[in-house]
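Notes follow the structure.
The values are calculated or read from the model by the stated rules, or taken from the named source; none is laboratory data. Keep in mind that what you see is a predicted model, and the values were worked out from it rather than measured. Cβ placement follows ideal geometry from the backbone for every residue including glycine, while neighbour counts extend to all protein chains displayed. We work out accessible area using only protein heavy atoms, side chains counted, and drop any ligands, DNA or RNA first. Shrake-Rupley method; radii C 1.70, N 1.55, O 1.52, S 1.80 Å.
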Number of protein chains: 4
Amino acid sequence: MTVINPIHKGVYPAIQVPFNDDYSVDQEDLRRYSRWLSSFDGITGLVVNGHSGEITSLRPSERNQVTEIVVDEVGEVMPVISGVLCEGTLESIDHARDAEKAGAKGILLMPSHHWLRFGKHKDEAEKFVRSVASSINIPVIIHQYPAWTKASYSTEELLSFVKIPGVAAIKMGTRDMSRWGHDYRVLKANAPNIQILSCVDEYLLPTLIEGADGALIGLAGFVPDLMVSLVRAAFDNNLEEAKKINDKTYQVTKMIYRFGEPSGSAHQRMKAAMKMLNILRTDIVRPPLIPLNKDELSMIREDLTACKFLKNIERDKITYHQPSF
Amino acid sequence: MTVINPIHKGVYPAIQVPFNDDYSVDQEDLRRYSRWLSSFDGITGLVVNGHSGEITSLRPSERNQVTEIVVDEVGEVMPVISGVLCEGTLESIDHARDAEKAGAKGILLMPSHHWLRFGKHKDEAEKFVRSVASSINIPVIIHQYPAWTKASYSTEELLSFVKIPGVAAIKMGTRDMSRWGHDYRVLKANAPNIQILSCVDEYLLPTLIEGADGALIGLAGFVPDLMVSLVRAAFDNNLEEAKKINDKTYQVTKMIYRFGEPSGSAHQRMKAAMKMLNILRTDIVRPPLIPLNKDELSMIREDLTACKFLKNIERDKITYHQPSF
Amino acid sequence: MTVINPIHKGVYPAIQVPFNDDYSVDQEDLRRYSRWLSSFDGITGLVVNGHSGEITSLRPSERNQVTEIVVDEVGEVMPVISGVLCEGTLESIDHARDAEKAGAKGILLMPSHHWLRFGKHKDEAEKFVRSVASSINIPVIIHQYPAWTKASYSTEELLSFVKIPGVAAIKMGTRDMSRWGHDYRVLKANAPNIQILSCVDEYLLPTLIEGADGALIGLAGFVPDLMVSLVRAAFDNNLEEAKKINDKTYQVTKMIYRFGEPSGSAHQRMKAAMKMLNILRTDIVRPPLIPLNKDELSMIREDLTACKFLKNIERDKITYHQPSF
Amino acid sequence: MTVINPIHKGVYPAIQVPFNDDYSVDQEDLRRYSRWLSSFDGITGLVVNGHSGEITSLRPSERNQVTEIVVDEVGEVMPVISGVLCEGTLESIDHARDAEKAGAKGILLMPSHHWLRFGKHKDEAEKFVRSVASSINIPVIIHQYPAWTKASYSTEELLSFVKIPGVAAIKMGTRDMSRWGHDYRVLKANAPNIQILSCVDEYLLPTLIEGADGALIGLAGFVPDLMVSLVRAAFDNNLEEAKKINDKTYQVTKMIYRFGEPSGSAHQRMKAAMKMLNILRTDIVRPPLIPLNKDELSMIREDLTACKFLKNIERDKITYHQPSF
């Protein structure tokens, strides 16, 4: 297996999936939405089948369907990466191969959710990643879960991953800032080519400053221009500008995450806001998620109004991509 | 849908699955093992595709294969219940229907592991259980996860479940003893027919005394006679006898759970001990689990030797079940 | 230093402290209350300055005052043990010596609350206990905190304590049942004379059955007869009787702990209930605790009414103790 | 009570306390050390009796002694603030008044450690802060504990504090970055004059960028110039410079906190490093803390050597302060 690392520095939206009333994928809207995202300068690639893409509620065949559609729509202009999430290694290999067949240019390998409940043995994670990475010919982005989950990888485990051929990047979701700078430095010292992508929507700027080669975040599927400009300002060491953008970003994250309040799921809120702004046609979520209630929707509408920098997209003007051949 | 509650008081082993070297199911050994378990007086039913049965590492088709084999082997003499574990509601319904088709007389419905990571909305769990229960014609046993996981159900949620037609029992794995007696009393007051099954292998006696209608535990797939006698002594209020059996049980749980030590997974230890005692032909576990190392195996062998009450099974004398027709 | 272990099997109430309106100790009522408690057959000793005795809100001199009063009142008929709670070792030694001077026949040594925040080094706890135990001539009861706190002692640490001269008992508040039976067996195997006292008010019976030499609990300062009879039934292996008493105990613990509900502090609830039953003259708590509101008080009153087995004490008939000399 | 807020933006070292072999305060060295710290341009005030100052191991009279010495030494040139840490409100008021008498120009009010174990009622914290603040004539800095402790204040509680006369600043130790920017904005919107001081030694830069008016940190008692320059660069929006300093800071924090390794207490490591650099005469810590072992000391020495920017202080050249009058 020879793999050239196609994971570049940059901004990777973890995209949402629009559904029809019967919960099937709204193919036309998914195309339109992907196309819209790909039109932003600074968007480096799209990630389908992430948590934002409701991977946990999609059947295996539906995950492939989503990958195929997005690849068909924007695959010519940017890489499409697909999440892989299964609890067993054998099934993970199946899904990784399916993603490759569907046209993905990389996989985002999530940890076995079995570990969330029972934790993991020493060496178990390394073997898991190695088994999956060696069964495909596209690169692997490791999804690091929060430090307070039993599925989170230790610094030592992360170091073992970056030595595995095919592992190209880490989506760093540790959410323990006391480890961020340390892990970034240690990983880069041991594997200079590895890309460390922040996945912290709600406090992106601090992570960019402590060390990040880009961002792989759901928020970039909602406000792509804002996220790109924040990443750029941080890369340019333009702190004054970064803080200004951060003030806007805060308005958006407050609406989505509702800091300190009893809160519905962020995914549902983001989908609702995206429908209100015409970015998606519907805000239907797949069960077990349930729709937001009226009060929650009203709060989002109010918050959106306060975000004067956000504008409805004009969906009709988004031209479909014509695969060139 | 009319459902008669076939979940009786009693002891339900969550059985292991023996594998061949290529990780395929060792069908012959699975039959032999199921048959052996079913021969014990006091074993009320068998549970396949539980955590002990490595459900998280089995592909969907393999889960059905296991159910079919065990149903074929012992389905005439006792109910076989199959675990259902998916993260999405739609896929959970698919799996539940497949279990019914495969001959299961009930499902053990695990929570969406998505919740382990993200938690759940009010009402989300009730809708999830209702959707699955109403899509099949066999009863549902709810699997309650430990209180310190975000997938654990509140007392209020449990109360909402027992009103759903088809919900017949709760596998009570809360592992927070301050809630046990309370939940037991409140659930029984609201749904007198519900069965509350303890799933606490490592301190079964206290849960039986605080209130339980039986046990659904992996340990009963390893030492079925011990578990049955402990449950009986507790039901008979024979505390002197129960404490004697509990002393033996402690020897076994110490070997499996290694209280307070850095420990390999209990599932692997149990499988290793079962191979040593001739209960299973192999102790192969499916990845991402990895085999125990030599030191760990030596410790188990020593501990087994100390458990003088445990005897090798004579595998040749276990007669296969001939389906009667 | 020669120490004979005076900590016997039995029931030790961790007593409350009644306050006057100006937050000073209501000395007369404290005497009356201690006298009442000491009149119950089966009460083995009294513990002052425990969490139930609001030790954290009492100034050092007030802690001694409480010890002196209770020793003066009941010291002739049963041992009085005083809690010692400081964050530094040197101050803990000061307080331990003061308790001895005030007449305590033992101390209940709580862990440094500094550890709750920062955790502890290997060997730190052993040295702390050894330093305090060697500075006094009365025995030490170790207060074990819940396993989920950073101040909780590992099995290894507990084993190191029971080898220290002067350590006579452990108030086992681990509240992790998977460790209870293991710790009990291991400690008894290494130090047969050590007393393991349960401090689990809300599920006392399970701990008694897994192994306990008695109970050191706040609830025994409220319903002493109930607690004594429960401990006796468990010691006698009379499970039928124990379960009957347990049903009553549940009524009381439900009122105090309000399982699964947003709840005020148990200490305040217990004090309020004790005032309603005439056991204490007032239910004043020291700040930072704040009084219960009207709704909370109404709920307690309702719950008390439902506990038909509880009776008001006739305070006038409680004769004061006359120190014999 | 009329209080003018003397808590300015800036850098406040939480200073260490040197001890003699008999654990008494090394008064001469404490003077020398305070004087040294006060000589740095950018150091705004000194905080005694913080966690770095081993408050939990100091008897009440010793806490006052430390305050008096440091006030006597540097009180003419900068404010000295004293930590107050008691579990009861009444004793906290005693200590706060004693701090004022000893010459402190403010108190750092820590939460009751009773809350670490048992949590707190609604309104309890507000009453606690109000009671203490109203009993003195010097301002109060609120010490916010990490979000994962039960003593941590909610955004709502923090908002209730900043309305209390006398509350001048918050030492923001939430250590949950998803709340930092939100809390900063909300508190400033409601109380523009409140000072939000970061207390996050190990990732100071991110907190400065998300919003902070300075830093109240132990690390500033060890490397005052580094901390001052980092804060200045952040205030100046000079990200390039800030990142350079941050690289040095990382070397120091790695030595102190040993990210991801089994680690001794940071306080002991810092004291050991300070002795090696001649900043303190001894590295004796008060029990229950125990001295670092040889291996730990060797690691610190190695790490110090790698920090080429750190230099031994020339203790002889530090001139004592002569109180002017």
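Before moving on, here are some points about what is shown:
- Within region A:206-234, the set of residues being assigned to a helix (DSSP H, G or I) and more than 25 Å from A:W36 (Cα to Cα) comprises A:P206, A:T207, A:L208, A:I209, A:E210, A:G211.
For (1) farther than 27 Å from D:Y257 by Cβ; (2) within 13 Å of another protein chain (Cβ to nearest Cβ), each residue gets a yes or a no:
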| residue | (1), (2) |
| --- | --- |
| D:T44 | no, no |
| D:V47 | no, no |
| D:G53 | no, yes |
| D:T56 | no, yes |
| D:R63 | no, yes |
| D:T67 | yes, no |
| D:L85 | no, yes |
| D:E91 | yes, yes |
| D:D94 | yes, yes |
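- If you go through region A:226-238 and pick out every residue that is in contact (Cβ under 8 Å) with a residue 12 or more places away in the chain and within 14 Å of chain D (Cβ to nearest Cβ), you end up with 6.
- Filtering region A:71-83 to residues that are away from chain B (no Cβ under 14 Å) and in contact with a strand residue (DSSP E or B) (Cβ under 7 Å, 6 or more places away or on another chain) leaves A:V71, A:V74, A:M78, A:P79, A:V80, A:I81, A:S82.
- Check on C:N193, in a loop (DSSP other than H, G, I, E, B) and over 28 Å from C:E91 (Cβ atoms): yes
- Summed over region B:102-139, the residues that are part of a loop (DSSP other than H, G, I, E, B) and among the charged types (D, E, K, R) give a count of 4.
- Residue count for region B:148-176 satisfying the condition of being within 14 Å of chain C (Cβ to nearest Cβ), outside any loop (DSSP other than H, G, I, E, B) and open to solvent by less than 10 Å² (accessible area, probe 1.4 Å): 2.
- Scanning region D:74-85 for residues that are surrounded by fewer than 24 Cβ atoms within 10 Å (Cβ to Cβ) and of a type outside the set (A, V, I, L, M, F, W, C) yields D:G75, D:E76, D:P79.
- Among the residues of region A:200-225, the ones that are surrounded by fewer than 21 Cβ atoms within 10 Å (Cβ to Cβ) and without any contact (Cβ under 8 Å) to a residue 40 or more places away in the chain come to 1 in all.
- Those residues of region A:177-190 which are facing another protein chain (nearest Cβ under 9 Å) and in contact (Cβ under 8 Å) with a residue 24 or more places away in the chain, in sequence order: A:M177, A:R179, A:W180, A:G181, A:H182, A:D183, A:R185, A:V186
- Counted residues, region A:255-283 - those being within 13 Å of chain B (Cβ to nearest Cβ), farther than 21 Å from D:E156 by Cβ and in a loop (DSSP other than H, G, I, E, B): 1
- Residue that is most open to solvent (accessible area, probe 1.4 Å) [pool: residues in region A:86-136 that are of a type in the set (S, T, N, Q) and farther than 22 Å from A:R59 by Cα]: A:S134
- Sole exception among (1) within 23 Å of D:I196 (Cβ to Cβ); (2) open to solvent by 10 Å² or more (accessible area, probe 1.4 Å); (3) away from chain C (no Cβ under 14 Å) for D:R32, by number: (1)
- A:K294 being open to solvent by 10 Å² or more (accessible area, probe 1.4 Å), at pLDDT 95 or above and over 24 Å from A:Q27 (Cβ atoms): yes
- Every residue from region D:1-50 that is aromatic (F, W, Y) and closer than 20 Å to C:T89 by Cα: D:F19, D:Y23
- C:K254 fulfils the conditions (1) over 11 Å from C:I300 (Cα atoms); (2) open to solvent by 10 Å² or more (accessible area, probe 1.4 Å); (3) not aromatic (F, W, Y) except for a single criterion, (1).
- Matching residues, region C:183-199, being buried (at least 24 other Cβ atoms within 10 Å of the Cβ) and over 21 Å from C:P6 (Cβ atoms): C:D183
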